[in-house]
Amino acid sequence: MDRKVLVIGEMKGPKIRNVSLEALTAAKQVAGRGEVISAVFGTHSAKQVDLLSQYGAGQVYIIEDSDYDEYHPELYTHAVVKIIQETQPDVIVMGHTGNGRDLAPRAAARLEIGLASDCIDINLDASDKIVVTRSIYSGKLFEKKKFNSVPIFLTIRPNNITPIRYGSEASAIPYTVEKPALTLLIKEIVRRAAEKVDLTEAKVIVAGGRGVKSAEGFKVLQELADVLKGAVGASRGACDADYCDYSLQIGQTGKVVTPDLYIACGISGAIQHVAGISNSKFIVAINKDPEAPIFEVADYGIVGDLFEIVPQLTNEFSKI
Ligand code: FAD
C-alpha cells in the first residue's frame with residue numbers, strides 16, 4: 001500500500017535535529033511508493049529544505065516565522081493540526097524528544113487519531129499493516145502494536161534508526177497559519193545545562209553516579225566525553241547529591257538514552273537507572289565494587305577506582 005507520510009521536523013537552534021532525519025527514514029519505510037512530506041518551523045526553516053529533501057522529503061512546508069523559534073505548545077499544536085488537515089497524511093512521524101512528547105499527544109487528541117509514542121521500530125506486516133515496537137514498563141518489556149486504520153501519529157526514539165540519504169529534490173511550500181489566542185505565556189526559557197551534545201541524541205555518553213563524589217569529580221568525566229565527542233549524563237543519585245543538574249539525569253524518571261557507547265562511572269546500576277540505558281549498543285561499567293548490579297547489564301566491566309581509570313581512558317583515546 002502506498003501511504004502519504006508527514007514528518008514534523010524539529011529544530012535545535014539553526015539546525016535540524018538528527019532525529020528528524022531518522023524520522024524521514026522511518027517515513028520512507030512505511031510510505032512504500034507513496035509520498036513523504038515534511039514540515040519545519042522558525043527563522044531557519046527555509047535553510048533545511050535541501051537537507052530534508054536529501055533524506056527523502058518530496059515537499060517541505062515551511063513556516064518561516066521567528067515566533068516558532070522556541071517551542072510553544074499551543075502555537076505548534078495549532079500549526080501542526082492545520083498542516084495535517086491540509087495535507088491529509090496517513091501517518092505522521094516525529095522524534096520522541098521533549099517537544100515531541102508534548103506535541104504529538106496534543107495534536108493526536110485534537111484530531112482524534114491514534115498515537116504510538118517512543119517507537120523503536122516501525123515495520124509493515126505480511127498484510128501491509130503498520131506494526132510498531134515500543135518499550136513499556138520502563139524498558140522492562142517491549143510491545144508490538146498493529147494499526148488497522150489510519151491516520152496515526154508516531155514518535156520515534158532518537159538514535160534507533162540510521163538516517164539514509166536518498167538524494168531527492170523537494171519543493172518548498174511557504175505556509176502561513178493564523179495564530180490562535182494563546183492562553184499560555186512563556187515568560188522565560190532557562191537552559192539548565194550548557195550541553196555541547198544533546199544527551200538523547202549522543203552517540204557516546206559518559207555518565208557519573210554517586211561514586212563521582214562531587215561536582216568537581218564530574219570534570220574528569222567531561223574530559224573523557226570531550227575526547228569521545230560525547231555527552232555527560234548522570235544517575236539520580238548524583239543529581240540528588242547536587243553533583244550535577246537534573247537535566248543530566250538518565251533513567252526511569254530522567255532521560256531515556258540510546259547511544260552506541262554508554263560508560264557508567266560509579267553508578268551502582270539500580271533498576272530505575274538501567275531503564276534509561278538498556279537500549280545502548282554497548283555498556284561499559286567502571287565500579288570499584290565487583291558485586292555492583294551494573295555489571296549484570298554491562299558488555300564490558302572494569303573493577304576499579306574511576307578516578308584512576310577514567311583519566312587513563314581519556315589519555316589513551318586522545319592519542320587516536
Ligand atoms: P549508588 O547506588 O550510591 O552507587 C554508587 C556506586 O559508585 C556504587 O556502586 C559504588 O561501588 C560506586 N563507587 C563509589 N566510589 C567509586 C569510585 N571511586 N570508583 C568507582 N566506583 C565507585 N535513579 C536513576 O539513576 N535514574 C532515575 O531515573 C531514577 N528514577 C527513580 C525513580 C523512583 C520512583 C525511585 C524510587 C528511584 C529512582 N532512581 C533513579 C534512584 C535509584 O533507585 C538509585 O537510588 C540511584 O540510581 C542510585 O544512584 P547511583 O548508582 O549513582 O548511587
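The numbers here are math on the coordinates, done by the rules we state, and not lab data. Note that the structure is predicted; figures quoted are calculated from it, not measured. Cβ atoms come from the backbone with ideal geometry, glycine included; neighbour counts cover every protein chain shown.
Here are the numbers for this structure:
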read-out: Relative contact order of the chain, pairs being alpha-carbon contacts under 8 Å that are 6 or more residues apart, as %; value: 14 percent
read-out: Ordering of 48-61, 2-15 by packing [mean C-beta count within 10 Å, highest first]; value: 48-61, 2-15
read-out: Residue 129-residue 317 FRET efficiency (beta carbon distance; Förster radius 35 Å; 0.05 resolution); value: 0.15
read-out: Dipole magnitude of segment 1-153, debye to nearest 20 (Cβ charges: Lys/Arg +1, Asp/Glu -1, about Cα centre); value: 500 debye
read-out: Normalised per residue, the volume of the convex hull around the Cα set of segment 23-109 (Å³); value: 92 Å³
read-out: Among 262, 93, 246 - extreme Cα towards positive end, dipole of the chain, charges at beta-carbon; value: 93
read-out: Lys, Arg +1 and Asp, Glu -1 on Cβ, resulting dipole of segment 66-193 about Cα centre, debye, nearest 20; value: 500 debye
read-out: Tail weight of P(r) past 25 Å, computed on alpha-carbon pairs of the chain, percent; value: 53 percent
read-out: Sequence-separation-based contact order of segment 111-219, relative, with Cα cut under 8 Å and 6+ spacing, percent; value: 21 percent
read-out: Quarter of the Cα convex hull surface for segment 174-320, i.e. its orientation-mean projected area (nm²); value: 11.9 nm²
read-out: Distribution of pairwise C-alpha distances over segment 164-214, 10 Å bins, in %; value: 13, 19, 25, 29, 11, 3
read-out: Rounded to 10°, Cα long-axis angle of helix 306-317 versus longest principal axis of the chain; value: 60 degrees
read-out: Between helix 73-87 and the chain: long-axis angle, C-alpha atoms, 0 to 90°, nearest 10; value: 50 degrees
read-out: Normalised convex hull volume, segment 78-201, alpha-carbon set, Å³ per residue; value: 189 Å³
read-out: Nearest 10 degrees, 0 to 90: helix 18-31 Cα axis against the chain principal axis; value: 50 degrees
read-out: Mean Cβ neighbour count within 10 Å, used as a protection proxy, ranking 132-140, 25-33 highest first; value: 25-33, 132-140
read-out: GNM result for the chain, Cα springs below 10 Å: residue of 36, 91, 131 fluctuating most strongly; value: 131
read-out: HN-Hα J in Hz across segment 101-114 - Karplus 6.51, -1.76, 1.60, θ = phi - 60°, x for Gly and Pro; value: 5, 8, 6, 4, x, 4, 5, 4, 5, 4, 8, 6, 10, x
read-out: Given 140/281; 213/319; 28/144, the pairs whose alpha carbons are separated by over 18 Å; value: 213/319; 28/144
read-out: Sparse-neighbour loop sites [GluC sites (Glu not before Pro); segment 81-143; at most 10 other C-beta within 10 Å; DSSP]; value: 112
read-out: Under 5 Å, built H, 5+ apart or other chain: amide partners of residue 231; value: 204, 205, 206
read-out: In range of the label at residue 147: residues from segment 12-41 whose backbone nitrogen is under 18 Å from the point 7 Å along Cα→Cβ; value: 20-39
